[in-house]
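The values are calculated or read from the model by the stated rules, or taken from the named source; none is laboratory data. Here the structure is a predicted model, which means the values were calculated and not measured. Methodologically, a virtual Cβ is constructed for each residue, glycine included, from the backbone with ideal geometry; neighbour enumeration extends over all protein chains shown.
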Amino acid sequence: MMKQSFHHLILFSQGKSLLPFTQKISEWITSTSIQNGLLTLWCRHTSASLTVQENVDPTVRKDILAFFDRIVPEGNHYAHSLEGLDDMPAHLCTMLTNTHLSIPIENGKMVLGTWQGIYLFEHRRHSHEREIVLHLMGE
Amino acid sequence: MMKQSFHHLILFSQGKSLLPFTQKISEWITSTSIQNGLLTLWCRHTSASLTVQENVDPTVRKDILAFFDRIVPEGNHYAHSLEGLDDMPAHLCTMLTNTHLSIPIENGKMVLGTWQGIYLFEHRRHSHEREIVLHLMGE
Amino acid sequence: MMKQSFHHLILFSQGKSLLPFTQKISEWITSTSIQNGLLTLWCRHTSASLTVQENVDPTVRKDILAFFDRIVPEGNHYAHSLEGLDDMPAHLCTMLTNTHLSIPIENGKMVLGTWQGIYLFEHRRHSHEREIVLHLMGE
C-alpha cells in the first residue's frame, strides 16, 4: 500500500560552504518505515542549493568554492545589487546547481554510490537558516 | 488512494527571456483535487529550459540573461551552426539549467519558498511555442 | 493499483563522451508493463552525469565536450589532484549537469520531445563501468 511522508528540515549554514547532511536524511527515511519509493528534497531558497558530491577528500569542497567564485564572481557589474554584492552571484550559483534532488529508496536506503554525499550549498557570505522539504512516496 | 494526472501546457516565448508561469501551475494543481503528492514538470525541448528564481526584482532576470550570454556566447566557434548561431548556445544553456523540476505538493500547494517563482527560460532569439508536461501523483 | 519497479543498468563509457541510452530505458519501461507514472534515473557517480540533448546532429556532442573543457579546464590549479588531473574537473562537470532525471511516462512512453535523447556524460579520460538506477512508480 503506497503512502507518503513529509518533513521540514532546518539547517544552519556558516557562510559560503558545502554542508553535508546525508546522515540526517537517512535517519528520517528510517523513521518513516517506507522501504521502497522515491525521495524528493526541495530547497526553499534562491541563494542556497543542493548538490551531490564526493564525501571523502575535503579539498574537493575547497575546489568547488573556488570554481564557483571564478565563473560567478562578485562585483559591481550586476543590476541587482540592493541585497548585497553576494546576492546576485548566489542566485546564479543556485541556477547552475540544484533546487531539488529526487533519489530512489531501495530496501530502506537511498541508492547513493559509494562516494556520493548530499550537501547544502550555501552561496551567501553570512550564516543563514535554510529549510529543506523532504517528501517520500512509497511502501 | 493514490492517483495521478497529466497536463500538457503550451507557453509562448518572446526571444531570450525568463517567462514566469507559477500561477498557471498552481491553477492546474487545484483542478486535479490532489492535496499531497509530487509534481513533475518536463520541458520537451533542447533549447529552452526550466528554472526556479527570485520572483520580485526584475533586474535579477536581466542579470541572468547577461550571465548566460557571457559564459555561453554566440559565435562562429561551434561546429553545430546549421540551425543558426543561437542554437548551439541554447543547447548549452539548457544543459546548465533544468529540463525537469520535481516539487512536493503539501496541502494543495507547491512547497515553494517565499521568493521562489518558476520560469520557462527561452534561449533562442525568436519567439517559440513551448510545451511543458505536468505530472502529479498523490492523493 | 500503483506499483513500482527498480533496475540497475550498467553502461561502459569510452573516455570523455556523451553515450546515448534512450533505447535501453524505453525497453526496460516496456518490460515493467507500467503505462503511466514517473521514471527516475539516478547516476551513482560523482565524475559522470546525465543529460538530455539533441539526438540528431553529432556535432552537437562535439561542441558540448569543447564547452565543458573550456569552462572547467584540467590543470594544476586544483587542490584535489590525487586521483588525476581529470578528476576534479569531472566533479565540477557533474555538478553543472545532472545526477538524476525524473521523466513522466504517459501511455507506456517517456514524454520526450521529438529531438530529446538521454545521455550518460562521462567526464573522465579513461573507460569506466557506470551504474544507473532506474525507478518507475505508476500503474
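For A:Lys109, the conditions (1) closer than 23 Å to C:Tyr78 by Cβ; (2) within 12 Å of chain C (Cβ to nearest Cβ); (3) charged (D, E, K, R) are fulfilled apart from (1).
What do you reckon, is B:Ser31 more than 7 Å from every other protein chain (Cβ to nearest Cβ) and either at pLDDT below 95 or over 27 Å from C:Gln53 (Cα atoms) (or both)? The answer is yes for B:Ser31. Quick one: in the stretch C:64-79, of everything that is of a type outside the set (A, V, I, L, M) and crowded, with 19+ Cβ neighbours inside 10 Å, which residue is farthest from C:Leu41 (Cα to Cα)? So, considering only residues that are of a type outside the set (A, V, I, L, M) and crowded, with 19+ Cβ neighbours inside 10 Å, the one farthest from C:Leu41 (Cα to Cα) is C:Tyr78.
So for the stretch B:12-27 (the condition being crowded, with 18+ Cβ neighbours inside 10 Å, in contact with a helix residue (DSSP H, G or I) (Cβ under 6 Å, 6 or more places away or on another chain) and under 30 Å from A:Gln4 (Cβ atoms)), does at least one residue qualify? Checking the stretch B:12-27: not a single residue is crowded, with 18+ Cβ neighbours inside 10 Å, in contact with a helix residue (DSSP H, G or I) (Cβ under 6 Å, 6 or more places away or on another chain) and under 30 Å from A:Gln4 (Cβ atoms).
Being small (Gly, Ala, Ser) and part of a strand (DSSP E or B) narrows it down to one residue among B:Ser5, B:Ser26, B:Ser31; which is it?
Step by step, each of B:Ser5, B:Ser26, B:Ser31 is checked, and only B:Ser5 is small (Gly, Ala, Ser) and part of a strand (DSSP E or B).
Taken together, A:Leu92, A:Leu9 contain a single residue that is within 24 Å of B:Gly37 (Cβ to Cβ), touching a helix residue (DSSP H, G or I) at 6+ places or on another chain (Cβ under 8 Å) and hydrophobic (A, V, I, L, M, F, W, C), which is A:Leu9. Just give me the residues in the stretch C:37-61 being within 7 Å of another protein chain (Cβ to nearest Cβ), closer than 20 Å to C:Leu11 by Cβ and surrounded by fewer than 19 Cβ atoms within 10 Å (Cβ to Cβ), in sequence order. Selection gives C:Arg44 alone.
As a summary of the residue check, B:Glu129 satisfies the conditions (1) surrounded by fewer than 16 Cβ atoms within 10 Å (Cβ to Cβ); (2) within 14 Å of chain A (Cβ to nearest Cβ); (3) of a type in the set (Asp, Glu) except for the one numbered (2). Of all positions in the stretch A:118-126, at least one carries a residue that is crowded, with 23+ Cβ neighbours inside 10 Å, acidic (Asp, Glu) and at pLDDT 95 or above.
Taking the stretch C:112-122 as the range and being away from chain B (no Cβ under 13 Å) and either among the acidic types (Asp, Glu) or within 22 Å of A:Tyr119 (Cβ to Cβ) (or both) as the test, only C:Glu122 passes.
A:Pro104 fulfils the conditions (1) within 30 Å of B:Met1 (Cβ to Cβ); (2) facing another protein chain (nearest Cβ under 7 Å); (3) surrounded by fewer than 21 Cβ atoms within 10 Å (Cβ to Cβ); (4) in contact with a Leu (Cβ under 9 Å, 6 or more places away or on another chain) except for a single criterion, (3). A:Met88 meets all of the listed conditions (1) surrounded by fewer than 20 Cβ atoms within 10 Å (Cβ to Cβ); (2) out of contact with any strand residue (DSSP E or B) (no Cβ under 9 Å at 6 or more places or on another chain) but one, namely (1). Residues in the stretch B:1-13 that are farther than 16 Å from B:His135 by Cα and at pLDDT 95 or above: 3 in all. Every residue in the stretch B:73-99 that is more than 9 Å from chain A (Cβ to nearest Cβ) and either within 27 Å of B:Trp115 (Cα to Cα) or among the acidic types (Asp, Glu) (or both), please. Answer for the stretch B:73-99, where residues must be more than 9 Å from chain A (Cβ to nearest Cβ) and either within 27 Å of B:Trp115 (Cα to Cα) or among the acidic types (Asp, Glu) (or both): B:Glu74, B:Glu83, B:Asp86, B:Asp87, B:Ala90, B:Leu92, B:Cys93, B:Thr94, B:Met95, B:Thr99.
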